[in-house]
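Trainee: Quick one: the structure is below, and I'll ask about it shortly.
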Amino acid sequence: MSLVVCEWGAEGARKFEASVGAMVVVDVLSFSTCVDIAAVRGAVVYPFGFHDRSAAIEAAKELGAEVAGPRGSDDYPYNLSPTSLLSITKGTRLVLPSPNGSAISVAARSVPVLTGCLRNARAVAGRVAQLAQGRPIAVIPAGERWPDGGLRPAVEDLIGAGAIIDELGLPCTPEAEIARQAFCGARSNLAHLLRTCVSGTELIDRGFPQDVELALDWNASAAAPLLIDGAYAM
């Protein structure tokens, strides 16, 4: 029987890459939610884990893709706001720069990588279990960044990781079990916790409450986006 392991960030992904059968990157607010919404609508998302905007634009040109702008930007058709992707059309190729979810997605190259969130926890759990073929499964909460670049664990990603782990129903390492228990403890008060956690409060204060509401839509999606040839797709 497979075992579920859990660690934070890109270093966590690299730690487990050689020892697991498949991996799930969890960045609830908002990379993973963006990918879920885009994938359901038939788009293809290329994670871009660098801060260089000009490099992202060049990468998009080479791929024949759109590039997502910063959240709230009016200069791009789409941006790092899940709400902006509600209108994305089937067949769109989108380069999605993100310092957390995107950067982790490209950190592990030798195993199947999915991205999951609260919206698609059940679907992602089902697909990652199939892909792992009985080998261990790594669930990687992304977290946020402090101003000095250090990792800041984020409660929404711990809860999102726990939701996927709970759906897997497999034996867990202590780290994975704590994530699962965090979700189970939060489940009855999920909306309040995500709206009032640091990341949720920041988004609401910046004028993006709908992004939080979209992220809260637990198991509303049947998408399980898999990274293939550098892009997430259904």
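Coordinate-derived values only; no laboratory data. Fair warning: this is a prediction, and the values are worked out from it, not measured in the lab. Note that we place each Cβ from the backbone using ideal geometry, even for glycine, and neighbour counts take in every protein chain shown.
Trainee: Mind giving me the nanometre distance, one decimal, between the label points for residue 19 and residue 73, set 7 Å out from Cα along Cα→Cβ?
Mentor: Calculated label separation equals 3.9 nm.
Trainee: Just check region 12-56 against the gyration tensor rule for me: Cα atoms, a ≥ b ≥ c as the square roots of the eigenvalues, rounded for a/c under 1.5, and otherwise prolate or oblate depending on whether a/b exceeds b/c. Mind dumping the intermediate values first?
Mentor: On the way: a/c = 2.14, a/b = 1.30, b/c = 1.65.
Because a/c hits 1.5 or more and a/b fails to exceed b/c, region 12-56 counts as oblate.
Trainee: A follow-up question, please. Normalise the Cα radius of gyration of region 86-183 by 2.2 N^0.38 Å (N = residues in it) and let me know the number. Present the calculation step by step, with values, prior to reporting the outcome.
Mentor: Numbers: Rg = 14.5 Å, N = 98, 2.2 N^0.38 = 12.6 Å.
Working it through for region 86-183, the quotient is 1.15.
Trainee: Also, I was wondering about something else. Report Rg(Cα)/(2.2 N^0.38 Å) for the chain, keeping two decimals. Before the final figure, lay out the partial values.
Mentor: Numbers: Rg = 16.1 Å, N = 234, 2.2 N^0.38 = 17.5 Å.
Output field value: 0.92.
Trainee: On average over all directions, what projected area in square nanometres does region 100-150 have, based on the convex hull of its Cα atoms?
Mentor: 4.3
Trainee: May I ask what percent, to the nearest 5, of DSSP beta bridges between residues of the chain are antiparallel?
Mentor: Values: 7 of 28 bridges.
The answer is about 25 percent antiparallel.
Trainee: For region 184-234, what's the relative contact order in percent, using C-alpha pairs closer than 8 Å and at least 6 residues apart?
Mentor: Values: 23 pairs, mean separation 10.9, N = 51.
Rounded, it is 21 percent for region 184-234.
Trainee: Let me ask another. Can you give me the relative contact order of region 6-119 as a percent, contacts being Cα pairs under 8 Å and 6 or more apart?
Mentor: Values: 213 pairs, mean separation 49.1, N = 114.
Computed value for region 6-119: 43 percent relative contact order.
Trainee: Given contacts defined as C-alpha pairs under 8 Å and at least six residues apart, what's the relative contact order of the chain, whole-number percent?
Mentor: 33
Trainee: Based on Cα coordinates alone, diagonalise the gyration tensor for region 60-111, multiply each eigenvalue by 5, take square roots, and list the semi-axes in whole Å, largest first. Walk me through the numbers on the way to the answer.
Mentor: On the way: eigenvalues 83, 38, 22 Å².
The equivalent ellipsoid of region 60-111 has semi-axes of 20, 14, 11 Å.
Trainee: Can you compute the radius of gyration and Dmax for region 14-113, using only the Cα atoms, both in Å?
Mentor: My reading of the Cα-based Rg and Dmax gives 13.4, 43 Å.
Trainee: Where is the GNM fluctuation largest for the chain (alpha-carbon springs, 10 angstrom cutoff): 221, 110, 54?
Mentor: 54
Trainee: Give me P(r) over region 175-234, computed from all C-alpha to C-alpha distances, binned every 5 Å, as integer percentages.
Mentor: 4, 15, 17, 17, 20, 18, 8, 1
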